[in-house]
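To keep things clear, I will list the structure first and then write my remarks on it.
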Amino acid sequence: MRDRVIKVLNVLIILVTLVCLYSISSSIYHIFVWKQDGDSINKLSDDLLDITDVKEIPVEDEDNRNVEVVKPDEEIPESDPYWAYVNMNMIDVDFYDLKDVNKEVAGWIQVNGTNINYPFVQTKDNKYYLTHAFDKSKNSAGWVFLDYRNKSDLTDKNNIIYAHGRYDNTMFGSLRNALTNGWLNNKNNFIIRIATPYQNSLWQVFSIYHIPTTSDYLRINFADDQDFSNFTNMLIKRSAYKFNTKVSPSDKILTLSTCYNDTEKLVLHAKLIKYENKAN
C-alpha cells in the first residue's frame, strides 16, 4: 500500500512539474512574440515616416490658404488658452506613398507629449486592425484605426480613433502620459494635430480619464443639440483634470480610446478648433 501511494505521489509530482514547465514555456513564448511584434511595429513606423512628407503649416501662411477657425458660441476672455491654440501650426501630409502601402489609410495623427505620430486607417469593422499592422501583416500590436461607423472626412459629431495601449509605448501606449503631472502641466500638450486627404485640423483637449470598460462614450449619432450637450457634459465631468474648456452644441469632437489595463479604458476627448479644407 505504501509503495502504491509513493507511486501516485511521484506521478502527481511529474504532472505538476510538466504543467509548470508548460506554463513557463508558454509565458516565455508569448513575451517573445509580444516583444517581436512591438519591434516590428517600431520598424514599420520608422519606414512610414521615411516615405511620408509630414510638414507643419506656418500660421503666417494661413491667410493664403483655406483655413477656418471654429469660433466659440460664447465669448471667451483673451487670456483663455484657446486663442494661443488657434495660432498653433497644423500639419499637412502627402498620402500618395502611404496609399501604395495601404489604400485604407484615412489620415495622420500627432498627440503632443506622447509617441503618437502615426497614419491611421479605416476598414469595414473595428476588429481587423486589432490584430493587423498598417501593411496588413498579422501583428498582435495592431494599428491605429478610425471607427468604421465614422465618415472618413471626420465630419461626425463624435469621431473615434482606437489603438492598443501597449506598455512598450507603441500605438496608444504613451497616451498614459496624459494622466501624469508632467503632461498636464504643459498646456502645449492640449492640442492634437490631424491631417486627412480632405482636411488638416487642430483639436483642443477637454477631457482625459480612465474608466471600467464601457461603450457609453462611443456614440456617433445624437438626437438633437441637447442630447449632444448632455453627452459632452458627461465626458467633462469624468475628466481627471479640469481643462476649463467649454464644448458647444455646434462643436465636433474627437475621441481617442485605448486600454488602460485589463478591465479599464483610457479615453481622451478634444474639440475641433481650426481646420483647412483641401481640394480633392
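Checking Phe228 against (1) in contact with a Ser or Thr (Cβ under 8 Å, 6 or more places away or on another chain); (2) buried (at least 21 other Cβ atoms within 10 Å of the Cβ); (3) hydrophobic (A, V, I, L, M, F, W, C), only one condition comes out false. Which one?
(1)
What residue, among those in the range 146-194 that are among the aromatic types (Phe, Trp, Tyr) and assigned to a loop (DSSP other than H, G, I, E, B), is farthest from Val267 (Cα to Cα)?
Filtering the range 146-194 for residues that are among the aromatic types (Phe, Trp, Tyr) and assigned to a loop (DSSP other than H, G, I, E, B), the one farthest from Val267 (Cα to Cα) comes out as Tyr148.
Take the residues in the range 244-262 that are among the β-branched types (Val, Ile, Thr) and not in a strand (DSSP E or B), then tell me which one is nearest to Phe222 (Cα to Cα).
In this case the residue turns out to be Val247.
For Lys7, all conditions in the list (1) at pLDDT below 80; (2) touching a Ser or Thr at 6+ places or on another chain (Cβ under 7 Å) hold save one; what is the number of the exception?
(2)
Given the options Thr123, Thr170, Thr131, name the one that is β-branched (Val, Ile, Thr), farther than 14 Å from Ala195 by Cβ and either in contact with a Leu (Cβ under 6 Å, 6 or more places away or on another chain) or modelled with pLDDT under 95 (or both).
Among Thr123, Thr170, Thr131, only Thr170 is β-branched (Val, Ile, Thr), farther than 14 Å from Ala195 by Cβ and either in contact with a Leu (Cβ under 6 Å, 6 or more places away or on another chain) or modelled with pLDDT under 95 (or both).
Residue-wise test of (1) touching a residue at least 60 places away in the same chain (Cβ under 8 Å); (2) surrounded by 22 or more Cβ atoms within 10 Å (Cβ to Cβ); (3) touching a helix residue (DSSP H, G or I) at 6+ places or on another chain (Cβ under 9 Å); (4) of a type in the set (A, V, I, L, M, F, W, C).
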position	(1), (2), (3), (4)
Asp94	no, no, no, no
Lys99	no, no, no, no
Pro119	yes, yes, yes, no
Leu146	no, yes, no, yes
Asp153	no, no, no, no
Asn169	no, no, yes, no
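Take the residues in the range 189-223 that are under 30 Å from Ala279 (Cα atoms) and among the charged types (D, E, K, R); name whichever of them is surrounded by the most Cβ atoms within 10 Å (Cβ to Cβ).
Taking the candidates together, the pick is Arg193.
Sort out which residues of the range 93-149 are closer than 30 Å to Asn186 by Cα and charged (D, E, K, R), and write them in order of number.
Asp94, Asp147
Please go through the range 115-139 and pick out each residue that is under 17 Å from Gly173 (Cβ atoms) and either of a type in the set (Val, Ile, Thr) or assigned to a loop (DSSP other than H, G, I, E, B) (or both).
Within the range 115-139, Asn115, Ile116, Thr131, Ala133, Phe134, Asn139 meet the criteria.
Could you please give the count of residues in the range 95-114 that are more than 11 Å from the chain's Cα centre (by Cα), part of a loop (DSSP other than H, G, I, E, B) and under 30 Å from Gly182 (Cβ atoms)?
Residues that pass the stated criteria total 2.
Which number in (1) more than 19 Å from Leu154 (Cα to Cα); (2) within 16 Å of the chain's Cα centre (by Cα); (3) of a type in the set (Ser, Thr, Tyr) marks the one condition that Tyr118 misses?
Here Tyr118 clears every test but (1).
Please find, within the range 73-91, the residue that is farthest from Asn112 (Cα to Cα) out of those that are out of contact with any Asp or Glu (no Cβ under 8 Å at 6 or more places or on another chain), buried (at least 17 other Cβ atoms within 10 Å of the Cβ) and not aliphatic (A, V, I, L, M).
The qualifying residue farthest from Asn112 (Cα to Cα) is Tyr82.
The values are calculated or read from the model by the stated rules, or taken from the named source; none is laboratory data. These numbers were taken from a predicted model, which means no experiment stands behind them. So basically every Cβ, Gly included, is an ideal-geometry build from the backbone, and we count neighbours across all protein chains shown.
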